[in-house]
Amino acid sequence: MTIIETSGLHCSYNGTEILKGISLTIEKGDFTGIVGPNGAGKTTLVKCLLKLIKSKGEIRIDGIALNSYDSMALARKVSYLPSELYSVYDYNVYELVAMGRFPHGRFSLTRRDKEAIDRYMEISGISALKDRHVNSLSSGERQLVFLTQMLVQETDVMILDEPTVHLDASHQVRIFEIMKVLKEERTSTVLFINHDINMTAYYADKILLLKSGG
């Protein structure tokens, strides 16, 4: 079953065309890595899929045109872990992870929400950090916190942009192992950008190679 589909996708910045008519199909349950040189349009592509930047052409998520989704409906379908992460406010870990439940339309946590938060914090191995302030954590710990925030959204599609950048080898492996377990358990679709071609080849079911926007 196709979960993400694009046809003739174009995107330009300041008059320069970045994506040049990309057409792709991603099936439900795929673990797809996106690789390519700097400037090839990897991040631009995922931002188009997330409706963060304007594009021309067709994008369909789970058979529905992307423009038919409002922001909350899209957040219930697709979650996103950007490459650069920080928190303006020094929330504790539990508070920050709990924000991943907001797309489900509740401003106070239900029992179901709390169970999901506790479960994914345990899977990510950050339960012991729940009372720590996020800005006091190491970069690896902080990345695991934001990853867990994404996981508690419990979306059909998870998109990650360089999730292991600036992390040591142990944290890189840990993040990919978590994603692999969750993908197999929930049959979620995972789409990730990664600069390490060897790690991408090891974990990905499919690899999308971008070169000069096409």
Item to check | Selection count, segment 162-181, where residues are farther than 14 Å from Leu144 by Cα and surrounded by 13 or more Cβ atoms within 10 Å (Cβ to Cβ) | outcome: 1
Checklist entry - Looking at His171, His195, which is the one that is assigned to a helix (DSSP H, G or I) and over 23 Å from Lys77 (Cα atoms)? => result His171
Checklist entry - Looking at (1) out of contact with any strand residue (DSSP E or B) (no Cβ under 8 Å at 6 or more places or on another chain); (2) in contact (Cβ under 8 Å) with a residue 60 or more places away in the chain; (3) over 24 Å from Gly105 (Cβ atoms), which is the one condition that is false for Gly36? => result (1)
Next on the checklist: Residue pairs, Cβ under 6 Å, 6 or more apart or interchain, first in segment 121-136 and under 21 Å from Met179 (Cα atoms), second outside any loop (DSSP other than H, G, I, E, B) and open to solvent by 50 Å² or more (accessible area, probe 1.4 Å). List them.
Outcome noted: Met121/Ser127; Lys130/Tyr94
Checklist entry - Where residues in segment 19-74 are open to solvent by less than 70 Å² (accessible area, probe 1.4 Å) and in contact with a Gly (Cβ under 7 Å, 6 or more places away or on another chain), which of them is farthest from Gln153 (Cα to Cα)? => result Gly21
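Yes/no matrix, rows are residues, columns are (1) small (Gly, Ala, Ser); (2) within 14 Å of the chain's Cα centre (by Cα); (3) part of a helix (DSSP H, G or I):
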residue: Tyr120; (1), (2), (3): no, no, yes
residue: Ala128; (1), (2), (3): yes, no, yes
residue: Asp131; (1), (2), (3): no, no, no
residue: Gly140; (1), (2), (3): yes, no, yes
residue: Leu147; (1), (2), (3): no, yes, yes
residue: Pro163; (1), (2), (3): no, yes, no
residue: Leu182; (1), (2), (3): no, yes, yes
Checklist entry - Among the residues of segment 45-59, which ones are within 13 Å of the chain's Cα centre (by Cα), among the aliphatic types (A, V, I, L, M) and closer than 20 Å to Ser212 by Cβ? => result Leu45, Val46, Leu49
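The values are calculated or read from the model by the stated rules, or taken from the named source; none is laboratory data. Only a predicted model underlies this, so the values are computations on that prediction, with no experimental measurement involved. All Cβ positions, glycine included, derive from the backbone under ideal geometry; neighbour counts span all protein chains shown. What goes into the accessible areas is simple: the full protein's heavy atoms, side chains included, and nothing from ligands, DNA or RNA. Shrake-Rupley method; radii C 1.70, N 1.55, O 1.52, S 1.80 Å.
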